[in-house]
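Structure record follows, encoded as structure tokens.
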Amino acid sequence: MKTSKKSKSISYAKWGYIFLIPFFTIYIIFSLIPLVSTFYNSFFENYMSGLKQIGPNFVGLENYKTILFDTELPKYAYNTLLIWILGFIPQIIVSMVLALWFTSVRLKLKFTGFFKTVIYMPNLIMAAAFSMLFWTLFSDIGPVNNLLVAMGYEPISFFQNINATRGLVGLMNFLMWFGNTTILLMAGVMGIDSSILEAAQIDGASSWKTFWNVTIPSIKPILVYVFLTSLIGGVQMFDVPQILTNGSGGPDRTSMTMIMYLNKHLFSKNYGLAGALSVILFLITAIISFIIYKNLTEKGPKEKIDSNKKISVKGGGK
Amino acid sequence: MSISKLNKFLCYLVLILLSILCLISFYLLIINSTRAHSEIQKGFSFNFGDFFDANLKNVLDNDQLPVLKGIRNSLFVSIGTAILATYFSVLTAFSIHTYDFKFKRLAFTFIMMIMMVPPQVSALGFIRWMGELDLMDSLIPLFLPSIASPIVFYFMLAYMQSNLPKATIEAARMDGSSEFRTFNLIVLPIMKPAIAVQAIFTFVSAWNNYFIPSLIIRSAEKKTLPILIAQLRSADYLKFDMGQVYMLIFLAIIPIIVVYIILSKYIVRGVAVGSVKE
């Protein structure tokens, strides 16, 4: 009797392994091998010079030296960061305000379901199509310039202008992500113990003070999470500026992002430099993820970790 | 009283302005998809035209842009992704949730660790390796990898922890149900709400995916919609019929919006489901 029970529990453990087989097989074939191969390629000189194939020759860290010091990568890193900030600052401010309004007991806003539906919608739109749309709307003969002319202004060549191009990418990132961030922050605000808020009010704290001293510290884990996932999304920024500028990152490569640059090397088959750049991007993402993990495991109450992870379904601020 | 009314008014004003900001580009898109090239060139109008059918017909008949095939390929990849990602994520979560085995903790930690690795950083190895497997210019590498979706897995696991009591599985075992049968006939139905939410998200992200497909797909036959849009962007713009340009964007965006409006209640709830679940 006893032995049969024991053998039964062993056979159940077996099912645990069996059910993991598809995930790990597919992960190894389609993700792990490519990742290892990317690292491996980064140590080899391997590109086309005209029609001549150079390499692959082992060159150690030479590709890393080249990509960091002899290319415009620092400029593209700066572009990526700047455009991300242009989208993120309005995003976090607007989302914070909306989250407070939607959850406010005093305001009792109506139609919040409708507004949430509307502001979340751009998040589901194909970024390639959305930026194609923005490009046609803001092109030299597009509807925006038509309106400007009709109102008596000079037409603007938006895509010849550095600030306008970067600003449009930032605006699109803002539109695509502020609804998502609002919903995340709302979950955080609703999770605050209402008795703490009431206590602050009884103590006569102004709403502004309550906000800074109670609300913000209470949702800090979620805020840090939103910040860092958005940053990871920002590092991955590609679709919008790629389509908007037709891959040129124009004007004068001032809106070229790091992934656009990676994409260029992948298309020109410079596998050494593409590999080194991939590894650098991998390390940046790994560091940010590690900080997220630290932040969540040390400070976040359990529910918050759950809700955060869930939301990462939609990733950061691509 | 009047101050609070003023506050409320300001809130609604801001919300309405933000909503307009979100919707206006789609409104312009719909307007221009109903207007002929010559009308669009003449200037903007807030009125609908009557060229919707003609634009649709023109873009579907365009020899340079295999739009119908693009829609078919996109649907195939997206539906495949949604089915594989949800089914196998529930299966993986079921393994971690239900069974006790030696490497369980390790497997879970590993999946959590790879969750944040973006596909772009291994794209180089991916395309070279797909070349060796003879999967270049194939739709398979666009949906098969979704069997291993760490984020969907995590969502399923969280849902399972609060909705699938171990007693249910024990009861099925008593009835002599095999583990695989229990999974398919008892666990999957319980997981339906979570599967629905994730099916939508995975479908949409596959539908919108551009980076990896643009590196894998070569032939016109296999192009998905985002690749066709990028192709249109790099074509000589002035030669193009703008009615068709808007119509192609319309076809890529509007079906998703329609589905979203129908299911928005579940989607918006799904985004923050973790915090609502208890």
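Coordinate-derived values only; no laboratory data. The model shown is predicted, which means the values in this text are computed figures rather than measured ones. All Cβ positions, even for glycine, are placed from backbone atoms using ideal geometry, and neighbour counts span all protein chains on display.
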Residues in the stretch A:214-239 reached by a label modelled at A:I284 [backbone nitrogen below 17 Å; 7 Å Cα→Cβ]: A:227-239
A:N246 versus A:K269: modelled label distance in nm, points set 7 Å from Cα along the beta carbon direction: 2.5 nm
Pairwise FRET efficiency - A:S139 versus B:R173, Cβ, R0 = 60 Å, nearest 0.05: 0.40
Karplus-derived 3J(HN,Hα), 6.51/-1.76/1.60, for each residue of the stretch B:52-66, Hz, glycine and proline x: 4, 4, 5, 4, 4, 4, 4, 6, 6, 8, 5, 6, 6, 10, x
Area projected by the alpha carbon convex hull of chain A, averaged over all directions, nm²: 26.3 nm²
The stretch A:140-157 versus the stretch A:76-106: alpha-carbon centroid distance in Å: 29 Å
Residues A:M258, B:M116, sorted so that the one with the fewest Cβ neighbours within 10 Å comes first: B:M116, A:M258
Calculated over the stretch B:191-244: convex hull of Cα atoms, volume per residue (Å³): 117 Å³
Other-chain or far-sequence residues with amide H under 5 Å of A:I54's (modelled H): A:Y47, A:M48, A:S49
Helix-only CD estimate at 222 nm, as mean residue ellipticity for chain B, using -39500 (n - 2.57) per DSSP H run (n ≥ 4): -23000 deg cm²/dmol
Phi-based couplings in Hz for the stretch B:185-194 (Karplus 6.51, -1.76, 1.60; Gly and Pro marked x): 9, 10, 5, 4, x, 5, 7, 3, x, 5
Table column - 3J(HN,Hα) (Hz), the stretch A:38-51, Karplus curve with 6.51, -1.76, 1.60, x for Gly and Pro: 5, 4, 4, 4, 5, 9, 10, 7, 7, 8, 9, 10, x, 9
Spin-label pair B:F110/A:T297, simplified geometry with 7 Å Cα→Cβ offset, distance in nm: 1.8 nm
Chain A, relative contact order in percent, only Cα pairs under 8 angstrom and at least six apart counted: 27 percent
Entries in A:K294/B:K166; A:K116/B:K5; B:K192/B:K265; A:K116/A:K294; B:K57/B:K222 that, when Cα-Cα distance is taken, lie over 26 Å: A:K294/B:K166; A:K116/A:K294
Angstrom value of the Kirkwood radius, inverse mean 1/r, which spans all Cα pairs in the stretch A:23-108: 17.8 Å
Computed over the stretch A:185-260: relative contact order in percent, which uses C-alpha pairs under 8 Å that are six or more apart: 24 percent
B:I79-B:K42 FRET efficiency (beta carbon distance; Förster radius 51 Å; 0.05 resolution): 0.80
Listed residue (B:S4, B:I217, B:I256) projecting farthest to the positive dipole end of chain B, Cβ model: B:S4
Using a Förster distance of 41 Å, the FRET efficiency for A:K14-B:M136 (Cβ separation, nearest 0.05): 0.65
Student exercise, the stretch A:40-135 dipole from Lys, Arg, Asp, Glu Cβ charges, in Debye to nearest 20: 760 debye
GNM top mover of B:A194, B:A54, B:A85 - chain B, alpha-carbon springs below 10 Å: B:A54
Normalised contact order of chain B, rounded percent, pairs of Cα under 8 Å and 6 or more residues apart: 31 percent
Dipole magnitude of chain A, debye to nearest 20 (Cβ charges: Lys/Arg +1, Asp/Glu -1, about Cα centre): 1460 debye
Hydrodynamic radius (Kirkwood) for the stretch B:65-235, which is based on Cα pairs only, to one decimal in Å: 17.7 Å
Within a Gaussian network of chain B (alpha carbon springs, distance under 10 Å), most fluctuating of B:L75, B:L185, B:L142: B:L185
Spatial separation of Cα centroids for the stretch B:1-61 and the stretch A:203-276, in angstrom: 28 Å
